[in-house]
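Since every read-out is calculated from the coordinates, none of them should be taken as a lab result. Small disclaimer: the values here were computed from a predicted structure and weren't measured. Positions of Cβ are generated from backbone atoms using ideal geometry, with glycine treated the same way; all protein chains shown enter the neighbour counts.
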Amino acid sequence: MNFNFSEEQQQLRDTLDRYVRKDYGFEKRRGIIHGDSGWSAEVWAQLADLGVLAVGLPEEHGGLGGGPFDTLLVMEALGRGMVVEPYLATVVLGAGLVARAGSEEQKAEILPAVASGDRRLALAHHERGGRYDLSRIETSARRDGDGWVLDGHKSVVLHGAAADTLLVSARTPSGLSLFLVDAGASGVTRRDTPAQDGHRVAEVMLRSARGDLVGDEGAALPQIELALDHAIAALCAEAVGGMAALIEATVGYLKTRKQFGVPIGSFQALQHRAVEMYLHAEQARSMSYLAADKLGASDAAERRRAISGAKVLVGNAARYVGQQAVQLHGGIGVTDELAVGHYFKRLTMITLLFGDVDHHLAQFGEAMSA
């Protein structure tokens, strides 16, 4: 497999890295997450101006026609800056679903607005008690004239309060289906909650809320599974970016913190720990590349093996790198004023999102024995 990036991809990476370092510093991020909305409309507009929101969308609908590796580069850069704006929820999950399953009319209406930053999306799928079982859905939808009416309760909707449009999964007579629901419409109630990592999640209640069917009735589960595989691959790339930033901060600290009159980085035992951090991060990078590559596999089982394998290895690496970074910084590693603890929280949340290490290890074992 050739993982060499094109000149355009290198330019995308460099542009985003410069933006994160120059315009999305840690103090700015702290101000954003403590604001009322938990994200910045100004930053969102800047990402749109840079073309970031259009990277993974089809060219015929206002996008740049990029693939999984372009999304990987974006997510890695966003991971370096711990960017809290709803890129994963809107572009990877929401717009990805519309692009693959929506009608031409839905694509033409929604995707250009996502690319320009004028519309934000969120996938409302998971429910209480469902854990990682994607088919365990109790929200229902019934026909009402030419449309559908939905009733149910969705939990942990990523950036659900920031969304203009929700993609809601619900049971219909033919099986699991997907619907577009206006987030501000009658019958939709959202309760916004800050998560431990600074991102926002929402509880979404639907009471006779009207929705428009996306794709064929009863055919949503494979599309949702594919969308979540794309999201997991994107999260793996984000974790790689976060680990790289943690290693950079930790090595810098080891070079400047002194004990007994010398930098603690001169102690061989600490050098070995820093090297181990780097090795774990590089293994995670390789697996994130493999996951991105396998998103295009025609065999769904092959794709899921790669995704689960990446989630396991990246999750273990993120935990190791995060723990070492905190320990090597000593007591200040867990203070709110230092970025290290915030990276560790985000890496921990990434490890849990869409299936923890134990879940994906079991999935990988089942896939290998099938």
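Normalised by the number of residues in the chain, what is the relative contact order in percent for Cα pairs under 8 Å and 6+ residues apart?
Numbers: 671 pairs, mean separation 54.0, N = 370.
Dividing the mean separation by the residue count of the chain yields 15 percent.
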Which shape class applies to segment 40-181: rounded if a/c is under 1.5, otherwise prolate when a/b exceeds b/c and oblate if not, where a ≥ b ≥ c are the square roots of the Cα gyration tensor eigenvalues? prolate
Using only alpha carbon pairs under 8 Å that are at least six residues apart, calculate the relative contact order of segment 244-312 and give it in whole percent. 21 percent
Histogram of C-alpha separations across segment 7-117, 5 Å bin width, %: 2, 12, 23, 24, 18, 12, 6, 2, 0
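Once you sort the root eigenvalues of the Cα gyration tensor of segment 199-314 as a ≥ b ≥ c, which label holds: rounded (a/c under 1.5), prolate (a/b larger than b/c) or oblate (the other case)? Could you put the intermediate results ahead of the total?
Values: a/c = 5.26, a/b = 2.17, b/c = 2.42.
Oblate, because a/c is 1.5 or more while a/b does not exceed b/c.
Please get the size of the charge dipole for segment 7-117, origin at its Cα centre, with Cβ charges of +1 on Lys and Arg and -1 on Asp and Glu, quoted in debye to the nearest 20. Could you put the intermediate results ahead of the total?
On the way: 10 positive and 17 negative charges, 105 e Å.
Result for segment 7-117 is approximately 500 debye, rounded to the nearest 20.
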Going by how many other beta carbons lie within 10 Å of each one, how would you line up 22, 294, 154, fewest first? 22, 294, 154
What is the distance in Å between the Cα centroid of segment 25-74 and that of segment 158-224? 21 Å
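Which whole-number percent gives the relative contact order of segment 231-364, counting Cα pairs below 8 Å spaced six or more residues apart? Mind dumping the intermediate values first?
Values: 164 pairs, mean separation 41.0, N = 134.
RCO, segment 231-364: 31 percent.
Taking square-rooted eigenvalues a ≥ b ≥ c of the alpha carbon gyration tensor, is segment 99-169 rounded, prolate or oblate, where a/c under 1.5 means rounded and, failing that, a/b exceeding b/c means prolate? List each step's numbers first, then the result.
Numbers: a/c = 2.11, a/b = 1.35, b/c = 1.56.
Taking the square roots of the gyration eigenvalues as a ≥ b ≥ c, segment 99-169 is oblate.
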Can you tell me the 0 to 90 degree angle between the C-alpha axis of helix 339-352 and the longest principal axis of the chain, rounded to 10? 40 degrees
Nearest 10, in degrees from 0 to 90: the angle of helix 104-115 to the longest Cα principal axis of the chain is 30 degrees
Can you tell me the 0 to 90 degree angle between the C-alpha axis of helix 357-369 and the longest principal axis of the chain, rounded to 10? 70 degrees
